[in-house]
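Written below as C-alpha cells is the structure these notes are about.
The values are calculated or read from the model by the stated rules, or taken from the named source; none is laboratory data. All values reported here derive from a predicted model rather than from experimental measurement. Cβ placement follows ideal geometry from the backbone for every residue including glycine, while neighbour counts extend to all protein chains displayed.
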Amino acid sequence: MKPYQVHMFSDNKKTPEALPPEPVFIYENKRYLNFVPFDCFHLKNNDALRNTALRSIENNGIAAKGGRIEVLEDLQQAMTTTKKFESYIFFPDDFSVMFSAFSLFGAKTTIFIDYETSPALSAVLQHRNIEYYDHKDLDQLGALLGARSDKVLVIDGIYEWLGKIGPVSDLLKLAQTHECLVVANEMNSFGLLGREGRGFIDFFNCYDAVNLEIGSFGNYLGGFGCYIGANKFLINNIKENTVQYRKALPEYMLAVNREALNFLHASKKNIFQKLWQNSRYVVTRLRQLDFSTAGDTPIVVVIFSNDEEAEEFTKRLLANRIIVDQNKERVRLCISIEHTKEDLDQCLSYFESIGEDLGTIKSR
C-alpha cells in the first residue's frame, strides 16, 4: 500500500479525490471496494506495461528522443492494423485531442453532439457552433440535420453517465441521408467494445461510414494519452492546425501504449466474458431491487430521483467502504475483473439496505 493522504477519508460529504487506483485496497486495516476507475481490466498496475515503461526509461530516459520515431511509427502501424484507419496522431490528454480534432471545422460548421456525450467534449466545444440532440428522438435529429448545410455529427460509443451503448446504426443512417461528416467518440469504448476491445466502430462494423475517430489509451488499456484516427489528408490538416501547441508523448508512454495493444490482441475471450458477465449480474440484481439503470455495460449507472438522494446514497456507501462516482442524480460503478462475486454481492447488499433505509426502494 502506497502512502496516500492521511486524511483521505476525513470528509464524509463526498467521494475523496485522491484514491488508490486499485479496485480493491486496504486503508487503515479496512478493506475498500473501489468502483471509480474506468480501468476494468486492471491494467494500470499491469506488470508487462510497467516493465515496458521501465525498460524504455532505463534505455533512453524520460524525455529522450533517440528512439522515439521508431516507437511512434510502430504504434501508428499497430493502430492502423487494429482500427483500420489510414493514419493516426497522438496527444497527451482528452482536452487536447478533442480541441485538435475539431480544429478541422470552421465557424460556420454546425457540430451536433448528444446531450449525454462526455462532459469533457461539451466543455471543449461550448464556444463553437453546436447543436445538442437527443439520441432517443431521432426524428427531431433528422429535422435538425436537414436544416443545416455544413454539419458534423458526433456519435458516442458508450455514454459515460448512462452506461449505455449508443444507437450507432440509426445515427449513421441519418448521417448518410443528410450527407454530414461523422466523428466517432471512442473515448469510453476503445478497449471495451468490439472484437478484442477494438471499439464501437468495430462492434458495428462501420469503418466506411466514419470520417474521423477520437479515443483514449488511458481508460481501459492502462496507457497514456489519446489519439485521432482518420485519412492522411485530415491528419495532415490537424498537424498543421496544432503545430504551435501540440506536445509529443515521451517515448516510454508510446511504448506502453504499444504494449497495451498487445494485451488486446493476446487477451483470451474469457477475460472479456468474465467482465461482461459480472456487469450483467450487477445490472440484473439492481433492476430486481427496483433501482433505475439505463445500460447493460460494465459502466453501471444508477439513476436516482434527485441530486440530494444520489449524494446521500454515495455518502452512505462510502461509510460502508464502497466507493462510487456521482454526477447530479446519477451514481456510477465501473466493474473490474478484480471484483469477485463476493465483492459484487457485498456492494449489492449495501445498495439494498441503504435503498430501503432512504426509501429509494421498497422494503422486502
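Computed quantities for the displayed model
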read-out	value
Of all residues in the range 26-58 being out of contact with any Phe, Trp or Tyr (no Cβ under 9 Å at 6 or more places or on another chain) and among the polar types (S, T, N, Q), the one that is nearest to ALA255 (Cα to Cα)	ASN51
Matching entry among VAL182, VAL256 (being over 15 Å from ASP94 (Cβ atoms) and part of a strand (DSSP E or B))	VAL182
Members of the range 259-289 found to be more than 20 Å from LEU49 (Cβ to Cβ), touching a helix residue (DSSP H, G or I) at 6+ places or on another chain (Cβ under 9 Å) and assigned to a helix (DSSP H, G or I), listed by number	LYS269, ASN278, TYR281, VAL282, ARG285, LEU286
Among (1) more than 18 Å from PHE95 (Cα to Cα); (2) in contact (Cβ under 8 Å) with a residue 60 or more places away in the chain; (3) touching a His at 6+ places or on another chain (Cβ under 9 Å) - the single one TYR159 does not satisfy	(1)
Filter result for ILE235 (β-branched (Val, Ile, Thr), more than 16 Å from the chain's Cα centre (by Cα), outside any loop (DSSP other than H, G, I, E, B) and more than 24 Å from PHE112 (Cβ to Cβ))	no
Within the range 322-355, considering residues that are of a type in the set (Val, Ile, Thr) and within 21 Å of PHE304 (Cα to Cα), the one surrounded by the most Cβ atoms within 10 Å (Cβ to Cβ)	ILE335
The range 187-227, residues that are in contact (Cβ under 8 Å) with a residue 60 or more places away in the chain and either more than 15 Å from the chain's Cα centre (by Cα) or assigned to a helix (DSSP H, G or I) (or both)	GLU196, GLY197, ILE201, ASP202, TYR207, LEU212
Residue in the range 298-311 that is assigned to a strand (DSSP E or B) and acidic (Asp, Glu) present	no
Where a residue in the range 87-113 is more than 14 Å from ALA230 (Cβ to Cβ) and touching a residue at least 40 places away in the same chain (Cβ under 8 Å) and its partner, wherever it lies, is among the polar types (S, T, N, Q) and part of a strand (DSSP E or B), with Cβ under 8 Å and at least six apart	ASP94/SER216
Residue that is farthest from the chain's Cα centre (by Cα), among those in the range 145-159 that are among the hydrophobic types (A, V, I, L, M, F, W, C) and buried (at least 19 other Cβ atoms within 10 Å of the Cβ)	LEU145
Boolean, ILE235 is surrounded by 23 or more Cβ atoms within 10 Å (Cβ to Cβ) and in the same structural domain as PHE102 (by TED's automatic domain parsing)	no
Strands (runs of 3 or more DSSP E) lying entirely in the range 64-159 (those with 2 or more residues that are closer than 21 Å to ALA260 by Cβ)	87-91
